[in-house]
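Heads up: the structure comes next, in structure tokens.
The values are calculated or read from the model by the stated rules, or taken from the named source; none is laboratory data. No experiment lies behind these values; they were computed from the predicted model shown. Cβ placement follows ideal geometry from the backbone for every residue including glycine, while neighbour counts extend to all protein chains displayed. With ligands, DNA and RNA removed, areas are computed over all heavy atoms of the protein, side chains included. Shrake-Rupley method; radii C 1.70, N 1.55, O 1.52, S 1.80 Å.
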Amino acid sequence: SFIGEESVAAGGGSILTDNPTWIIDPIDGTTNFVHRFPFVAVSIGFVVNKKIEFGIVYSCVEGKMYTARKGKGAFCNGQKLQVSGQKDITKSLLVTELGSNRDPEAIKIVLSNMERLLSIPIHG
């Protein structure tokens, strides 16, 4: 099976089944792309039995290829990635994205989520 982000965004629904499925977003960061903001990628995932097996993200502008495989770790241009060892949330950095849906109900949900996130005692 195949699920494409742009076709779903255009109203063509998709159903994730247990079948092996490719999930592809050829312009991940479409809004960034439209505004010439240089954080755009090609994102590809492969799912079997509704569980991700591997993923690839190519950050076009940076020339970085991120890969990950279930149980095998994640890599950037072949170099193994590691999460930080930081355990103190007050020294952590939170990054989020608001999305593009401006439907009033969606905005309420986003703002509610943001309020909960902003109450966490993070560094920034």
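Table for the structure above
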read-out: Exposed GluC sites (Glu not before Pro) absent: longest stretch of the chain, with sites in DSSP loops and at most 14 other Cβ within 10 Å deemed exposed; value: 1-61
read-out: Fraction of beta bridges assigned by DSSP in the chain that are antiparallel (%, nearest 5); value: 90
read-out: Rounded accessible area of LYS72 (nearest 10 Å², 1.4 Å probe); value: 140
read-out: Nonlocal amide H pairs with ILE3, under 5 Å, H built at 1.01 Å; value: TRP22, ILE23, ILE24
read-out: Potential extension, PHE2-THR30 segment - 0.36 nm per residue separation minus Cα distance; value: 8.1 nm
read-out: Probe 1.4 Å, protein heavy atoms only - accessible area per residue of the chain in square angstrom; value: 77
read-out: Convex hull of Cα atoms in region 83-123, direction-averaged projection (nm²); value: 3.4
read-out: Modelled label reach - LEU81, point 7 Å along Cα→Cβ, region 23-49 residues with backbone N closer than 11 Å; value: none
read-out: Per-residue SASA entry for ILE15, accessible area with 1.4 Å probe, Å² rounded to 10; value: 140
read-out: Aspartates and glutamates with Cα under 17 Å of LYS108, excluding same-chain neighbours fewer than 8 positions away; value: GLU97
read-out: Whole-number Å³ per residue for the convex hull built on Cα positions in the chain; value: 157
read-out: Accessible surface of region 83-123 [probe 1.4 Å, protein heavy atoms]: carbon and sulfur percent; value: 61
